[in-house]
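The block underneath contains the structure these notes are about, expressed in structure tokens.
The values are calculated or read from the model by the stated rules, or taken from the named source; none is laboratory data. Values in this document were obtained by computation on a predicted structure and should not be read as measured data. For neighbour counting, all protein chains shown are included, and Cβ atoms are generated from backbone atoms with ideal geometry for every residue, glycine included.
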């Protein structure tokens, strides 16, 4: 059995083997939350109101996360509307009673 070993000159190794730790290097194009909001504020007025890349889309996608808050507000509004309807019914009943008492 014949063993062989390949030997490289130091200057040749620089061209063959990468000596950087590129897998540990943090990419420059990572968007942090701070960068996102800085960019968002910079282009805020350029974003269209409607369309795929629009304020409407941002609102709808954010709404998916905020559903519980919106639902809570909707429930409050429904309850208040129900209360208003009940009070209006009571008011009509009281007006009818007043008219009866006044002989109208």
Regarding residue 15, is this residue in a helix (DSSP H, G or I), surrounded by fewer than 10 Cβ atoms within 10 Å (Cβ to Cβ), out of contact with any strand residue (DSSP E or B) (no Cβ under 8 Å at 6 or more places or on another chain) and at pLDDT below 90?
yes
Which of (1) modelled with pLDDT of 70 or more; (2) under 30 Å from residue 58 (Cβ atoms) does residue 9 not meet, given it meets every other one?
(2)
So residue 52, is it in a helix (DSSP H, G or I) and at pLDDT below 95:
no
Looking only at segment 40-48, decide whether some residue is exposed (fewer than 10 other Cβ atoms within 10 Å of the Cβ), out of contact with any strand residue (DSSP E or B) (no Cβ under 6 Å at 6 or more places or on another chain), at pLDDT below 90 and part of a helix (DSSP H, G or I).
no
Starting from segment 70-87, take each residue that is within 26 Å of residue 59 (Cα to Cα) and list its partners that are modelled with pLDDT under 85 and assigned to a helix (DSSP H, G or I), counting only C-beta distances under 8 angstrom and pairs at least six apart or across chains.
70/63
